[in-house]
């Protein structure tokens, strides 16, 4: 495989590893500037008959979809491509530069409880996302946890190739356990038997924690002969609560473990953070200047059953003591409400759950649980809790509105509108719901209905600048730009420093060709929000229209300072520098834009133009070729390529390029004239054959002799 190029793009440069399940390689992407590295995983099915290949193809496509979805998380490598070549299947993933965790968990080295707690939080947070996607990793171990150069852990090797191969080798349930996926020492019993659970991943994480705490390798761990539980406490110095947590993670019986990463993470936080019934606040300000969290009036008075202890140094510590009867669902719900206001959502959720366990018919407890689940972005569970609330209390207006907000978060906009309508039927004076209803209609692109809802919301809250702003966006989508400008101006009357309104005011004025006014609006946006990249970018673009190129360059530089990967900013900077006759700088900017977004034909075309002006004809031709690669019908690139070839006196190639331009634009007179000129120059440069006259034979041409 070394040196081979797959699908004409991924050139294999080194071998990472492999075995019976497939091979893994490091490759470079030859289609991108700088030839960036990537990881290629190869699966070769155990047979190449049509049935096996069809099964492999189906499984491979399914697994690739899963990996692509998982790659949305910053702590999991992105899936860049997947393809089939010569009856072999390949995954291409992001290359992570760093070292794996096995280099940190060296034999004999021990970590403190706090260090292991931080390590567990990071691993479990990644697994929480994985488990929420209904995926079991199956092979969590130190070698599959990379420490990226920025210090963050990355979870790799989801075993898609292994899982596919397993299913191909063992297609029937009778012998499914013949192939085990995982790394010895980190595989619990149920996974070894071919029946992995979410808690199987938790077991592996617990083993990593024991390694870190004890400095022992997996083969050095002892097991109780009767229970099969791991004996490790005598090798570590940890609190009883922390030891209990680890024991639960690595319990031999999977039913006794934490059933998901979320459950394990919440248990960990319960140990490392203050308990829900005792909140410790240690302010750094001197006495008399103590500030409290922003809690609604009344809640603070109920909550602060406090003892103030003044030390000799004058530092105040406040310990809030809970005297709530934990067996009363009503009082538990009140406590949950307090924790919710403090944004301590996992703690609030635990309290609400206890309330509805004690009293399953208590609607307020279910509502508290629902809204907390929404804050934790567990929308499906929140929806179930809202439905339970409404089942118990059909006219619970807050439950109907909360249900609508949850459905909106799930992008189920039509259902959200139905819930909002029910809430508004119960309470018409509900501007937040009118506003949310408008947002749902906007997402469905039903702008007329959205506009009516915004106007209704403004009847109840005429000074709500955000609603005026949203109304302006809807009017802009309806192409009613003057009315949109009025709405934005109304928002700015209420809140003059509202940068988004200044920005979209500029956008509306651009639509009306009022470029100087648009510039003034964009300028205001960046004055009030200096990191507003979209406003800086639009400011630069409108300055190009106004031909104020030096100012445009400075605007694009601002974007690049904030976001170095904005190809639009690099492209705009290149254009502005080209117009300022700063061609070398323009080329550098265009190349940066092309590196970020290589399939943008306009970037390549304009790069070629700057190179052409500097008489770098070969480089220009290469750029024009890239432009036509991504847009074959771009006749200007064909024409410009012809001009470069003509300057190099490559007449035949120039004629061919001009012909392509004419093919895509038959009335392209410049290309027609250029082609004809190239033809004339070709003829002039072609040596003409020398004709040698044939001399007459003197004997043959002599006059006839007289007899």
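Below is a table of values for the structure above.
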{"read-out": "Residues residue 478 and residue 622, FRET efficiency given R0 of 51 Å [Cβ-Cβ distance, rounded to 0.05]", "value": "0.65"}
{"read-out": "Peptides ranked, highest mean first, by Cβ atoms within 10 Å: ranges 629-642, 100-113", "value": "629-642, 100-113"}
{"read-out": "In nm, spacing of pseudo-spin labels at residue 102 and residue 253 (7 Å Cα→C-beta vector)", "value": "3.4 nm"}
{"read-out": "Taking region 320-442 and dividing mean pair separation by its residue count, relative contact order in percent (alpha carbons under 8 Å, at least six apart)", "value": "16 percent"}
{"read-out": "Segment residue 455-residue 148, extension gain: residue separation times 0.36 nm, minus the distance between their alpha carbons", "value": "105.5 nm"}
{"read-out": "Length gained when the stretch residue 418-residue 545 is fully extended (0.36 nm per residue, less Cα-Cα span)", "value": "41.2 nm"}
{"read-out": "Near-label residues of region 388-423 by backbone N, under 17 Å of a point 7 Å along Cα→Cβ of residue 444", "value": "401, 403-423"}
{"read-out": "Gyration tensor (alpha-carbon) shape descriptor, region 600-677, a/c threshold 1.5", "value": "oblate"}
{"read-out": "Simple label model, 7 Å out from Cα along Cβ direction - residue 393 to residue 328, nm", "value": "1.8 nm"}
{"read-out": "Using a Förster distance of 51 Å, the FRET efficiency for residue 648-residue 376 (Cβ separation, nearest 0.05)", "value": "0.20"}
{"read-out": "Length added when fully stretched, residue 110-residue 225, from 0.36 nm per residue minus Cα-Cα", "value": "38.8 nm"}
{"read-out": "Value of D in µm² per second that Stokes-Einstein yields for region 5-94, Kirkwood Rh from Cα pairs, at 25 °C (0.890 mPa s)", "value": "179 µm²/s"}
{"read-out": "DSSP bridge orientation in region 98-272 - percent antiparallel, rounded to nearest 5", "value": "100 percent"}
{"read-out": "Nearest-0.05 FRET efficiency for residue 673 and residue 133, computed from C-beta distance (R0 60 Å)", "value": "0.50"}
{"read-out": "Region 392-453: C-alpha gyration tensor shape, a/c 1.5 cut-off, then a/b vs b/c", "value": "oblate"}
{"read-out": "Relative contact order [Cα under 8 Å, 6+ residues apart], region 5-94, whole percent", "value": "23 percent"}
{"read-out": "Simple spin-label estimate for residue 69 and residue 243 in nanometres, 7 Å along Cα-Cβ", "value": "4.1 nm"}
{"read-out": "Label zone at residue 614, where the point sits 7 Å out along the Cα-to-Cβ direction: region 562-584 residues whose backbone N lies under 20 Å", "value": "569-584"}
{"read-out": "Three-way shape call for region 200-250 based on the alpha-carbon gyration tensor, with the a/c threshold at 1.5", "value": "rounded"}
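Since every read-out is calculated from the coordinates, none of them should be taken as a lab result. For clarity, every value in this text was computed on a predicted model and none was experimentally measured. Positions of Cβ are backbone-derived with ideal geometry, glycine not excepted, and every protein chain shown enters the neighbour counts.
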